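The values are calculated or read from the model by the stated rules, or taken from the named source; none is laboratory data. Note that the structure is a prediction, hence the values are computed from the model and not measured. Please note: Cβ atoms are built from the backbone with ideal geometry, for glycine as well, and neighbour counts cover all protein chains shown. The accessibility values were calculated without ligands, DNA or RNA, using every heavy atom of the protein model including side chains. Shrake-Rupley method; radii C 1.70, N 1.55, O 1.52, S 1.80 Å.
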Amino acid sequence: MPSFTRTALVAALLSVAPAALAATDTSDMAVSIEIQNACEITANPLDFGVQTGVDAAIDDATTVELDCSAIDSEVAISFDVGDGSAATFASRKMTNANGDTIDYSLFVDSARTSPLGDGIDGAALVTDRDGNSGSTGTVQTFDVYGRVFASQGPKPVGSYTDTVVATVEF
């Protein structure tokens, strides 16, 4: 009797076994990824130091760092005119608590001939040293040159500040 049960079980399993495969079909599976650029900008402070007056021009420089995730993605770094009343790209204003101002400007070149701005009306955008406007996937450092203009006359003692917003578009 035990052999009949095993035989019956094998016969039952074979009766439900799949039929032999006789045909095939294929389909392509699309695989994709999209890389988007993500950028972070850091504008380092520009400090003209402690001065006794603004009779002569005072020059200083700082850097802006751009860290983007992708390579060869178009980027543009622009700067606004700052918080000073009646400021322009050519003449920004540092202001003290009483509203007194000291005129200065920011430049993209060490000769201080190209004012830094938004790329419109002669105010240059920041680009890398090779003139490219693409991100590199690594931290890029850009120089920013500042100048407090000479011959502004005596100024009241105190701290003069301005805030210039640097913006990266990508």
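Of the residues making up the stretch 103-112, those that are modelled with pLDDT of 95 or more and open to solvent by 20 Å² or more (accessible area, probe 1.4 Å) are Asp103, Ser110, Ala111, Arg112. Only one entry in Ser151, Ser73, Ser78 is among the polar types (S, T, N, Q) and closer than 26 Å to Gly53 by Cβ, namely Ser151. Candidates in the stretch 70-90 are the residues that are hydroxyl-bearing (Ser, Thr, Tyr) and surrounded by 13 or more Cβ atoms within 10 Å (Cβ to Cβ); of these, the one that is farthest from the chain's Cα centre (by Cα) is Thr88. Do we have Asp67 as in contact with a Cys (Cβ under 9 Å, 6 or more places away or on another chain), open to solvent by 60 Å² or more (accessible area, probe 1.4 Å) and over 18 Å from Tyr160 (Cα atoms) here? So Asp67 fits the description; yes. Note on the stretch 94-170: enclosed strands (runs of 3 or more DSSP E) holding 2 or more residues that are hydroxyl-bearing (Ser, Thr, Tyr) and either in contact (Cβ under 8 Å) with a residue 60 or more places away in the chain or at negative phi (or both) are 101-107, 134-136, 139-148. Of the residues that sit in the stretch 120-153 and are at pLDDT 95 or above and open to solvent by 40 Å² or more (accessible area, probe 1.4 Å), which one is farthest from Asp100 (Cα to Cα)? The selected residue is Tyr145. If we scan the stretch 30-38, do we find a residue that is modelled with pLDDT under 95 and open to solvent by less than 50 Å² (accessible area, probe 1.4 Å)? Yes, because at least one residue in the stretch 30-38 is modelled with pLDDT under 95 and open to solvent by less than 50 Å² (accessible area, probe 1.4 Å). When Leu46 is tested against (1) open to solvent by less than 70 Å² (accessible area, probe 1.4 Å); (2) of a type in the set (A, V, I, L, M, F, W, C); (3) modelled with pLDDT under 95; (4) touching a Gly at 6+ places or on another chain (Cβ under 6 Å), only condition (3) is not met.
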